[in-house]
1. Looking at the range 241-258, which of its residues are part of a loop (DSSP other than H, G, I, E, B), touching a residue at least 12 places away in the same chain (Cβ under 8 Å) and surrounded by fewer than 19 Cβ atoms within 10 Å (Cβ to Cβ)?
2. Could you pull out the residue among 82, 37 that is surrounded by 18 or more Cβ atoms within 10 Å (Cβ to Cβ), out of contact with any Pro (no Cβ under 7 Å at 6 or more places or on another chain), farther than 21 Å from residue 425 by Cα and outside the structural domain of residue 283 (by TED's automatic domain parsing)?
3. Could you count how many residues in the range 317-336 are β-branched (Val, Ile, Thr) and either buried (at least 24 other Cβ atoms within 10 Å of the Cβ) or within 32 Å of the chain's Cα centre (by Cα) (or both)?
4. If you take the residues in the range 345-375 that are of a type in the set (S, T, N, Q) and assigned to a loop (DSSP other than H, G, I, E, B), which one is nearest to the chain's Cα centre (by Cα)?
5. If residue 261 passes every condition in (1) surrounded by 14 or more Cβ atoms within 10 Å (Cβ to Cβ); (2) part of a helix (DSSP H, G or I) but one, which one does it miss?
6. Working only within the range 216-237, note down all residues that are part of a helix (DSSP H, G or I), in contact with a helix residue (DSSP H, G or I) (Cβ under 8 Å, 6 or more places away or on another chain) and not β-branched (Val, Ile, Thr).
7. Give me the residue from the range 371-387 that is touching a Phe, Trp or Tyr at 6+ places or on another chain (Cβ under 7 Å) and surrounded by fewer than 22 Cβ atoms within 10 Å (Cβ to Cβ) and, out of that set, farthest from residue 333 (Cα to Cα).
8. Which one of these is surrounded by fewer than 18 Cβ atoms within 10 Å (Cβ to Cβ), within 20 Å of the chain's Cα centre (by Cα) and touching a residue at least 12 places away in the same chain (Cβ under 8 Å): 224, 295?
Amino acid sequence: MQAQTREETHPVQSLILSLLANHWGVENGALSVDGHPLPDLIARFGSPLYVYSAKTMRGQLKLLRNHVGRDFDVFFSVKANPNPAVLKVFCNEGAGLEIASAGEYVRAVRAGAPADRILFAGPGKTDEELSYVVDGGIGEIHVESLDEIERLSRICDQAKKTVSVAVRVNPDASVQGGAMRMGGGATAFGLDESLLGAAIEQISIASHLSLRGLHIFSGTQILKAETLLAQWNYGVSLARRLIKSGVRIETVDLGGGLGIPYFHNDKPLDLEVVASGARLLREEMRADRHLRSVKLMIEPGRFLAGPSGLYATRVTTVKTSRGECFTVTDGGMHHHLAATGNLGQVIKKDYPVILANRLNDAYDTAQKVVGPLCTPLDTYGRKTILPSPRPGDTVAILQSGAYGLSSSPVGFLNQPMPAEVLVDGQDVTLIRPRGTFEQPVTPMP
C-alpha cells in the first residue's frame with residue numbers, strides 16, 4: 001500500500017496498515033505470509049484460498065497470557081476455527097479447547113487435546129452427544145438447563161461414570177455487552193440466575209455428577225476492556241457468594257468475547273486495561289480465603305485465531321454499471337459469510353480488504369467488490385478503496401482466521417470449496433484440500 005501522510009490516509013487504510021505491520025509481510029509489492037508470497041501460495045493451491053499463520057496464532061496466545069497472567073487458564077473456542085491443524089497449534093502451546101458439539105469433540109481429540117483439557121458448552125446438547133463425550137472422557141460439561149442436568153445424570157448413571165459439571169449462568173443485565181449479546185436478558189444460553197439454586201440442588205443429588213464450577217459468558221466481540229472486566233468480576237463475585245453459602249466451587253469459566261478490530265472505526269481491545277483489571281482481580285482472590293484456590297478459565301476464539309488468517313480470491317472481471325465500478329471475484333459469501341455482513345451483523349460494514357499483489361500501488365479507486373453468486377448479498381466490499389483492479393489480481397480479506405469457512409454456506413451453488421493452508425515457518429501444509437466440480441464440498445479432516 002503506497003505510503004501516505006497521516007492527513008491523507010483514509011481511516012480504512014489506517015486499520016489495514018496496522019494489520020500489515022503487526023501480522024503480515026510485504027515482498028516486491030505483494031503480501032507475504034511469514035516469508036511466503038501470497039501469489040506463490042495461490043499458484044500452488046489455487047484460488048480462492050484460506051491461509052493461516054501458526055506464528056501469529058502463537059503470538060496472539062502469548063500476548064494474551066502476558067497480559068492476563070498464568071493464573072488464567074486459556075481454552076481456545078473451537079467454533080472459531082475447527083480445523084484440527086489449527087487446534088493442534090494451540091494444544092501444543094498448552095491451551096485447552098472449548099467445544100460446542102460432539103463433532104468438535106472429535107476434532108479436539110484428533111488435534112491431541114487430553115480429555116481433561118476439553119470443556120463442552122452449548123444450549124442444545126443431544127443425548128447422543130452427551131453419551132459420546134461421557135464415554136470418551138471430558139474435562140467439564142457446562143450444563144445450561146434443568147432438563148440437561150436430568151438427562152446427563154441418567155446417561156452417567158447408565159455409563160457408571162462420574163462427570164464434572166459447571167453451571168452456565170445467564171447473568172444480570174448489568175454485565176451484558178459486546179457486538180452479539182448472549183446473556184443478561186431472555187436467552188437460550190445458560191440458566192437464569194434465579195434458577196441457579198435449583199440447578200445446584202439437582203446436581204448435588206445426582207449420583208454421577210460432580211459440581212465443579214460456574215460459567216459466565218454474556219457477549220462476544222467485546223472491544224471495551226471495562227465491559228470484559230465487569231463480566232469477569234461478576235463471575236468471581238457470584239462464585240464468592242456460592243462458596244460462602246457452602247457450595248463447593250473449584251473453577252470459574254469467565255467466557256471468551258475478546259474482540260478484534262474489523263472495521264475502520266473499531267478501536268482494539270485495550271490490553272493494558274485488561275491486564276490491570278486481571279491483576280487486581282487475582283490479588284483480591286488471593287486475599288479472600290473463599291477464593292484463594294479457585295481456578296479461572298477464559299475461552300477466547302476470534303482473538304487468538306482471527307488475526308492469523310486471510311481469505312484470498314482472484315479477480316475474474318471488472319465492470320461498470322451506471323457509473324459504479326464492480327470488481328467480481330471467484331470467491332465470496334459461500335466461503336466467508338461474515339465478511340459479507342450476513343453472519344448476524346445488523347449494519348453491514350466492510351472487512352479490511354486489500355489488493356494483495358499490488359500493495360505499493362495507490363489506493364484511490366472506490367468500488368464494490370462482489371463474489372460469483374447469483375445474489376446481491378454476495379458483496380464484501382461496498383465502498384472499498386483499492387488500486388484500479390484488473391482481472392487476475394488477488395483480493396485478500398484480512399482478519400479471517402476465525403468464523404470464516406466453517407461459518408459459511410459452502411454448498412450454495414455447488415462452487416468448489418477453497419483449500420486451507422497452514423504456514424508454520426518454512427513449512428506450508430495443506431490442511432484441507434480444495435473442492436472439485438465433481439465433489440465441491442470437502443470433508444473436515
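The values are calculated or read from the model by the stated rules, or taken from the named source; none is laboratory data. Since the structure is predicted, the reported quantities are computational estimates derived from the model, not experimental observations. Counting neighbours? That spans all protein chains shown, and the Cβs are built from the backbone with ideal geometry, glycine included.
1. The answer is 247, 248, 250.
2. Details: 37 fails: farther than 21 Å from residue 425 by Cα.
Result of the check over 82, 37: 82.
3. Of the residues in the range 317-336, the ones β-branched (Val, Ile, Thr) are 317-318, 320, 327-329.
Of the ones still in play, those that are also either buried (at least 24 other Cβ atoms within 10 Å of the Cβ) or within 32 Å of the chain's Cα centre (by Cα) (or both) are 327-329.
So the answer is 3.
4. So the first thing to find is which residues in the range 345-375 are of a type in the set (S, T, N, Q), and the list is 345, 357, 360, 365, 367, 375.
Remaining after also requiring assigned to a loop (DSSP other than H, G, I, E, B): 345, 357, 360, 375.
Values: 345: 15, 357: 27, 360: 31, 375: 27 Å.
So, considering only residues that are of a type in the set (S, T, N, Q) and assigned to a loop (DSSP other than H, G, I, E, B), the one nearest to the chain's Cα centre (by Cα) is 345.
5. Going through the list (1) surrounded by 14 or more Cβ atoms within 10 Å (Cβ to Cβ); (2) part of a helix (DSSP H, G or I), residue 261 breaks only (2).
6. Once the filter is applied, which keeps residues that are part of a helix (DSSP H, G or I), in contact with a helix residue (DSSP H, G or I) (Cβ under 8 Å, 6 or more places away or on another chain) and not β-branched (Val, Ile, Thr), the range 216-237 yields 225, 226, 228, 229, 230, 231, 232, 233, 234.
7. 387
8. Working: 295 fails: within 20 Å of the chain's Cα centre (by Cα).
The unique qualifying residue is 224.
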